[in-house]
Amino acid sequence: MNTRFLRTAVGVAALATTVIAQAPTFRMDPAVRLGPAGGTLAFDLTAVQGTVYATLGNLDGGPTDLLGERFYLGFSPTLVTLDAGVMPAGGVAAGQILIPAFAGALGLAVFGQCAVLDASAPNGLFRTTNAESGVAHGSPFAIAVKFDDPAAAGFTGSYSQSVVGHIAGGPVTRRTHETIDPQGVFFPIALNNPLNPHGSRKQMVFRAQDVGATGNAEIVTAIRWYSLGPVFNDSFAQLELLVGHTPVTPDYAVDPWTALPVAPSSGLASTFASNYGGAAPQTIYNGRYDLVPAMRRPDGYVPLPVLAPFRYDGASSLLVEFKLPPDPLANGFNGMFGAVMVQSSPNPAARNTAGGTPSSPVNPYAVTTGQGDNWLAQLQLEFTRVETDALSPWLDSGNGAPDYEAPGIAASLPAGTGVQVEYRGAATGSGANPTAWSASPDIADGYRFLQFRIVFVANAISGEVPLVDTLVVPFK
């Protein structure tokens, strides 16, 4: 806790207690050009005469919660009280921050916000104003975006449009989806059970429509398998569960004349590695798996352990893979159930499986090929959307051939959140024939118009979302 701020608050409290008749407004220049002697960043507070206030500044965007109020700056060692007192006649208190020219000053973000005394506030002491920020740069010109009203300014995307004064990520959303296809014929007998005490390696592919893909990136936060009956006590010393993307997209359509599949080779290949598409799947769990009857939910699903959430791109087929070494202490009585997608043929393969027997156990880390069939496992998947985005309109630099330089971004990032920004350029304001996207605005050098997009990554557990207050792209 910052003792300097508390001393300031106590000091101004002794001067007066003012009920704020209108919302005070804080303003800070969004950009300041640094010369050889540095530069000054102007700020001011507009409020009713007699309002008692303290203006705080920091190089850390926080946020910090204090007595029920949120500060969009950190209470780190760089926190300073920029100004404090009683609002004068005219209702404007102005000040400046001197930013010296030093190594690392370019791109420096300064965050500011005020606390005003208000006995009617929920904490009985103060309220916070809006927060603003300014970014230092060393170029002759700059595109500076403050996000006063993003929607009105032409920003599009899935960001939160209920917020003004900065641009914030959209809320965390969750959905549950069952991998049930109406074409499939439910098969109430477990076939080639992945939970095989004699060892198994099994791949299952679920198309985008099988998982209810939305086109937006999501996090797979839970996977459950369907148990037709009660769950029996069982224990496996090791279960490795992997999830990944795959280019494999089975086509289960059948020819109306022959009843045979029209694309029998569109499913999984018998060689496990061939189904990865060049990117190995991610291990989301590797450890003991104990089963007890109470694990079966009222809807019939049984959870698999998920310790490392997987980022699903929202468009690809999803590959789920099981690896279980032989376990002489396991009984294998629990079976997963699903549906047969094509009754006239085992192709195209919805799964590729290598299962052991008492006389021929399977080492999942040594076996390389399996046997395919179009039995589609009935799983229940939970998805959490933590990524949202904002696309800027095309911004006019006013320069026919600008040389864009490193951007400066003032962001407030709650724990577990983040932002990513990409840029592209175009010769016209309509954005015709744009460049590719890049993490650097250098991609747009020589193009008069600049566009950027922000990807906001929220915290799936807390629901906190990041925000960007100011973005500055210098150029010459």
Open item on the list: If R₀ is 30 angstrom, what is the calculated FRET efficiency for the pair ARG288 and THR357, using the beta carbon separation as r and rounding to 0.05?
Closed with: 0.80
Open item on the list: Taking 51 Å as R0, compute the FRET efficiency from the Cβ-Cβ separation of ASN399 and ASP65 and round it to 0.05.
Closed with: 0.75
Open item on the list: Taking just the alpha-carbon atoms of region 3-138, what radius of gyration and Dmax come out, in angstrom?
Closed with: 15.0, 47
Task: In order through region 398-403: 3J(HN,Hα) via Karplus (6.51 cos²θ - 1.76 cosθ + 1.60), integer Hz, x for Gly, Pro - done: x, 10, x, 9, x, 10
Task: Euclidean distance of C-alpha centroids, region 229-256 and region 33-90, integer Å - done: 55
Open item on the list: I need the P(r) histogram for region 209-363: all alpha carbon pairs, bin width 10 Å from 0 out to the longest distance, whole percents.
Closed with: 10, 31, 38, 19, 2
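Compute the length gained on full extension between VAL86 and ALA152: take 0.36 nm times their separation in residues and subtract their Cα-Cα distance, giving the result in nm to one decimal.
Values: separation 66, 0.36 × 66 = 23.76 nm, distance 3.46 nm.
Length difference between fully extended and current span is 20.3 nm.
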Open item on the list: Multiplying the sequence separation of VAL367 and ALA269 by 0.36 nm and subtracting their Cα-Cα distance, what value in nm do you get?
Closed with: 33.9 nm
Open item on the list: What are the ³J(HN,Hα) couplings of region 422-437, residue after residue, when phi is run through the Karplus curve with 6.51, -1.76, 1.60 and θ = phi - 60°? Round to Hz, x for glycine and proline.
Closed with: 10, 10, 7, x, 8, 7, 10, x, 7, x, 5, 6, x, 6, 6, 6
TODO: Quick one: what are the phi-derived ³J(HN,Hα) couplings along region 453-467, Karplus 6.51/-1.76/1.60 with θ = phi - 60°, whole Hz, x for glycine and proline?
DONE: 10, 10, 9, 9, 10, 8, 8, 5, 8, 7, x, 5, 10, x, 9
Open item on the list: List the residues, sorted by chain then number, that are 5 or more residues from PHE310 or on another chain and whose placed amide H is less than 5 Å from its amide H.
Closed with: VAL220
Task: Cα→Cβ-extended label distance, 7 Å offset, between ARG297 and THR40, nm - done: 6.2
- [ ] Kindly rank 469-475, 85-91 from highest to lowest mean number of other beta carbons found within 10 Å of each residue.
- [x] 469-475, 85-91
Task: Computed E for ALA259/HIS177 - FRET, C-beta separation, R0 25 angstrom, nearest 0.05 - done: 0.30
Task: 0 to 90° range, to nearest 10: angle between helix 3-15 axis and the chain longest Cα axis - done: 50
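Counting alpha carbon pairs within less than 8 Å and at least 6 residues apart, what relative contact order, in whole percent, applies to the chain?
Numbers: 1332 pairs, mean separation 90.6, N = 476.
Relative contact order here is 19 percent.
Starting from 0.36 nm per residue, how many nanometres of slack lie between ARG33 and LEU329 once their C-alpha separation is accounted for?
Details: separation 296, 0.36 × 296 = 106.56 nm, distance 7.09 nm.
Stretched fully, the ARG33-LEU329 segment lengthens by 99.5 nm.
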Task: Coil-residue trypsin sites (Lys or Arg not before Pro) of region 267-329, DSSP, other Cβ within 10 Å capped at 15 - done: none
Task: Approximate spin-label separation ASP251-THR78, in nm, with each point projected 7 Å along Cα-to-Cβ - done: 5.7
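Would you please classify the overall shape of region 243-307 from the alpha carbon gyration tensor, given that a ≥ b ≥ c denote the square roots of the eigenvalues, rounded means a/c under 1.5, and beyond that prolate means a/b larger than b/c while oblate covers the rest? Could you put the intermediate results ahead of the total?
Working: a/c = 3.71, a/b = 1.54, b/c = 2.41.
Oblate, since a/c reaches 1.5 and b/c is not below a/b.
Laboratory data are not the source of any read-out in this text; all were calculated from the coordinates shown. Note that this is a predicted model, so its numbers are computed, not measured. Virtual Cβ from ideal backbone geometry, glycine too; neighbours counted across all protein chains shown.
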